[in-house]
Amino acid sequence: MAPSARFAAIAAPPALDELCINTLRFLAVDMVQKANSGHPGLPMGSAAMAYALWDRSLRYNPRDPHWPDRDRFILSAGHGCALLYALLHVTGFELSLEELKRFRQWGSRTPGHPEYGKTPGVEATTGPLGQGLANGVGMAIAEATLAARFNRPGHAIVDHSTYVLVSDGDLEEGISSESGSIAGHQHLGKLIVLYADNHITIEGSTELTFTEDRMARFAAFGWHVQRVEQSNDVEAVALALENARKEANRPSLIAVRTHIGFGSPHKQDTAAAHGEPLGVEEVQLTKEAMEWPVSPSFHIPEEALEHFRRAVARGSVAQVEWESRFQAFAREYPDLAAEFQRVIDSQLPNDWGAGLPTFAPTDGPMATRVASGKVIEILGTRLPEMMGGSADLGPSTHTNIDGAGDFEPGDWAGRNMHFGIRENAMGAILNGMALHRGLIPYGGTFFVFSDYMRPPMRLAAMNALPVIYIFTHDSIGMGEDGPTHQPVEQLIGLRSIPGMVVLRPADANETVAAWRVAIGRKQGPVALVLTRQGLPVLDLNLYPAIPAGVQSGGYILADSVTSGRPDIVLIATGSEVHLALEGRERLAAEGVHARVVSMPSTNLFAAQSDDYREKILPADVPILIIEAGSPVGWRSFVGPRIAVIGIDTFGSSAPGAEVMEHYGFTAENVCRQAHRVLDKNKEEAPCALESPQTMEGSF
Ligand SMILES: Cc1ncc(C[n+]2csc(CCOP(=O)(O)OP(=O)(O)O)c2C)c(N)n1
């Protein structure tokens, strides 16, 4: 079939609609061409269905992108962002035509994939395929729970939909099944997903890799599914959207048979349209074929702009109407209205930290996961916006809020979530909940399985989202389950994510302080890394520096017995702090004066002033670091004066205390290594590795 015949066979929409759709198409084509980089195919193919959504369904106000009861739109197929930027510009968001012309350029508001916080109207950073869909599930969960909590008869102040546009890649990714399953199970009827079913991915046809019946798959998850054969049939897409909105009990998938690169004589329906500019010649041919002016580029017909810009008045009416409803609600329920405003603005109540426990040595030994559970129970009553759970490990992660009920179909007011064994989706759902606002989301699993949720954790950090992770079974000290369950490289892995704060508290009291940091941090995620095994409780009378010290990331827990300069500093984190304290005692008996620095968070410590860090770690004092994790992360502190007792293998299956001992985590070894560091510093010559677990500071 000749290329022109191929697209001529696809129905054309009425004239004004077609003009608007082609405006979107060619803005995207010109953006990619001018940048000489980007993805024109998806915007060209999906412009009509996106137009149907933005013109006929989506409730938004370009002049106030943050209005709380707006519908949310997520472009999960973030590579198609030229389409989103075109929509934002023409509908009147604060995104100028100049910005479209600076697509993918340094400092522009039109980066290569949508970035939350950079472009008004972008609801989520997307690009890693599948994440946006799961973010949408999280947003729909947030809407459902806030509606259950705040709406009153005759006062539906939380009442909006979440729309997501996905591509083949989004649905191929496993997270689409994880999150699709949760959404279906939870009956999230206000989640509506448009699927650009264009049969093409980067390597060619979806026949290569993706042949299951996607509709049947989502139907099996409990979704309402519809199909639109003609992607340019705006009315058919609009009708499908209307049907989806009427479906209150099931999330909706609308598969629209789109054509990648629609209109391009030589590239439509081919992988060549996916991720590179059409090329000057093909742009010209496409514009000619679609009867569009070849120049100037970035052409926006007046009638199209006028039509699109009606969104401003429409959005303003919708928002004003909501505001008057909200005022009526506030008159009848002033406290509830104030509470709604508080959580939407992410404000904490003044006394949120009151009543948090302090622990005494007689409470121990206590695992830090247990201490964390006790804190969650108290915080959960003080902060009704706290909502979370675990990936089927609740009894182990101690993440339940007693008495807060389960979030489940029919009781969306419940705050304990059961994510099932779906870590990747859990992470992305937490992101969606945080992006929505109104909640403090948290999620727990074993630390080793944080690997399964790395992609959304990275995005949480990138988007500065206040998400809290509760990771238990934090080291080889967890014991019998063996190397598959013993985290080694996870600490350094998470610490290396820019903007992530990792806290590994040493005992129950440091755990309370760590939770204070986590709740107080409004910009960016926090990972609490907690033990399975019981630990002694540090006496706050003996160690009064704990609460403030944890906030600083690292602090002097116990100084050398002489008040002067210590001979050596022992830095330890989490459970190893107790080894350091014991080592300090033994060294003192041998005449060596050691200072113990507890460093629950290297991220927070690194952010302190030079003066503070120098006070804690004087430049000329040798250091021994003790941490049951990969030693690699301590490189930033290395110099000839330090050594690390760490672990650079995968651990072993045995009772935890034995495993720790075998890998050198004993007070005895702390003393031995301390002497070696001291000797080495005297000699000023590097000494050889004594055991695979002890790294020298000369790498
Ligand atoms: C997790 C992840 N893996 C790989 C990629 C790289 N990538 C970008 S788009 C794409 C697939 C393109 O196919 P499709 O999703 O159908 O988009 P379309 O071709 O319709 O634009 C891939 C593999 C990515 N963005 N995210």
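The values are calculated or read from the model by the stated rules, or taken from the named source; none is laboratory data. None of these values were measured; they are calculated from a predicted model. As a convention, Cβ positions derive from the backbone with ideal geometry for all residues, glycine included, and neighbour counts pool all protein chains shown.
Computed quantities for the displayed model
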read-out	value
Residue selected from the range 81-109 under the condition crowded, with 19+ Cβ neighbours inside 10 Å and among the aromatic types (Phe, Trp, Tyr), by the criterion farthest from His307 (Cα to Cα)	Phe103
Flag if Val137 is part of a loop (DSSP other than H, G, I, E, B), surrounded by 22 or more Cβ atoms within 10 Å (Cβ to Cβ) and more than 16 Å from the ligand (Cβ to nearest atom)	no
Selection within the range 263-277 - more than 11 Å from the ligand (Cβ to nearest atom) and of a type in the set (A, V, I, L, M, F, W, C)	none
Counted residues, the range 185-212 - those being away from the ligand (no atom under 16 Å from the Cβ) and under 23 Å from His274 (Cα atoms)	0
Checking Glu303 against (1) surrounded by fewer than 12 Cβ atoms within 10 Å (Cβ to Cβ); (2) in contact with a Leu (Cβ under 7 Å, 6 or more places away or on another chain), the condition it does not meet	(1)
Output for the range 433-461, where each listed residue is more than 8 Å from the chain's Cα centre (by Cα) and part of a helix (DSSP H, G or I)	Met433, Ala434, Leu435, His436, Phe447, Val448, Phe449, Ser450, Asp451, Tyr452, Met453, Arg454
When residues of the range 69-109 are limited to those that are of a type in the set (Ser, Thr, Tyr) and part of a helix (DSSP H, G or I), the one farthest from the ligand (Cβ to nearest atom)	Thr91
Selection status of Ser691, part of a loop (DSSP other than H, G, I, E, B) and either modelled with pLDDT of 80 or more or farther than 18 Å from Leu581 by Cβ (or both)	yes
Any hit, the range 291-304, residues being among the hydroxyl-bearing types (Ser, Thr, Tyr), at pLDDT 95 or above, out of contact with any strand residue (DSSP E or B) (no Cβ under 8 Å at 6 or more places or on another chain) and part of a helix (DSSP H, G or I)	no
Qualifying position, being under 16 Å from Arg70 (Cα atoms) and surrounded by 12 or more Cβ atoms within 10 Å (Cβ to Cβ), among Phe359, Phe308, Phe326	Phe326
Count - residues of the range 487-504 that are in a loop (DSSP other than H, G, I, E, B) and either over 12 Å from Asp648 (Cα atoms) or in contact with a strand residue (DSSP E or B) (Cβ under 6 Å, 6 or more places away or on another chain) (or both)	6
Meets criteria (in a strand (DSSP E or B) and at pLDDT below 90) for Val677	no
Unmet criterion (only one of (1) over 20 Å from Leu528 (Cα atoms); (2) touching a Leu at 6+ places or on another chain (Cβ under 9 Å); (3) modelled with pLDDT under 95) for Pro361	(3)
Contacts under 7 angstrom Cβ, first residue in the range 653-682 being more than 17 Å from Ala572 (Cα to Cα), partner surrounded by 22 or more Cβ atoms within 10 Å (Cβ to Cβ) and of a type in the set (Val, Ile, Thr), 6 or more apart	Val659/Ile476; Leu678/Ile568
Some residue of the range 117-128 being within 16 Å of the ligand (Cβ to nearest atom), of a type in the set (Val, Ile, Thr) and part of a loop (DSSP other than H, G, I, E, B)	yes
Contacts under 6 angstrom Cβ, first residue in the range 250-275 being in contact (Cβ under 8 Å) with a residue 60 or more places away in the chain and within 26 Å of Gln226 (Cβ to Cβ), partner β-branched (Val, Ile, Thr) and within 10 Å of the ligand (Cβ to nearest atom), 6 or more apart	Ile260/Ile200; Ala273/Ile260; His274/Ile202
Residues within the range 258-303 that are in contact with an Asp or Glu (Cβ under 8 Å, 6 or more places away or on another chain) and under 14 Å from Gly41 (Cα atoms), tallied	10
Complete set of residues in the range 31-65 that are away from the ligand (no atom under 16 Å from the Cβ), assigned to a helix (DSSP H, G or I), of a type in the set (A, V, I, L, M, F, W, C) and more than 22 Å from Lys101 (Cβ to Cβ)	Ala52, Leu53
Selection within the range 229-259 - surrounded by fewer than 21 Cβ atoms within 10 Å (Cβ to Cβ) and among the small types (Gly, Ala, Ser)	Ala238, Ala248
Filter result (out of contact with any strand residue (DSSP E or B) (no Cβ under 7 Å at 6 or more places or on another chain), outside any loop (DSSP other than H, G, I, E, B) and in contact (Cβ under 8 Å) with a residue 24 or more places away in the chain) within the range 376-426	Ile376, Glu377, Arg382, Gly394, Glu408, Asp411, Asn424, Ala425
Enumeration of residues in the range 469-483 that are outside any helix (DSSP H, G or I), at negative phi and either surrounded by fewer than 24 Cβ atoms within 10 Å (Cβ to Cβ) or basic (Lys, Arg) (or both)	Glu480, Asp481
Residue identified as of a type in the set (Ser, Thr, Tyr), away from the ligand (no atom under 11 Å from the Cβ), within 21 Å of Val256 (Cβ to Cβ) and surrounded by 21 or more Cβ atoms within 10 Å (Cβ to Cβ) among Thr162, Thr145	Thr162
Test set (1) surrounded by 23 or more Cβ atoms within 10 Å (Cβ to Cβ); (2) within 21 Å of the chain's Cα centre (by Cα); (3) under 27 Å from Ala338 (Cβ atoms) - Gly427 fails condition number	(3)
Count of residues meeting criterion [surrounded by 21 or more Cβ atoms within 10 Å (Cβ to Cβ), under 24 Å from the mean Cα position of the chain (by Cα) and closer than 29 Å to Thr270 by Cβ] in the range 174-203	6
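Rundown of residues vs (1) modelled with pLDDT of 95 or more; (2) not in a loop (DSSP other than H, G, I, E, B), yes/no style:
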site: Leu579; (1), (2): yes, yes
site: Gly583; (1), (2): yes, yes
site: Leu587; (1), (2): yes, yes
site: Gly591; (1), (2): no, no
site: Val597; (1), (2): yes, yes
site: Asn603; (1), (2): no, yes
site: Arg613; (1), (2): no, yes
site: Ala628; (1), (2): yes, no
site: Val632; (1), (2): no, yes
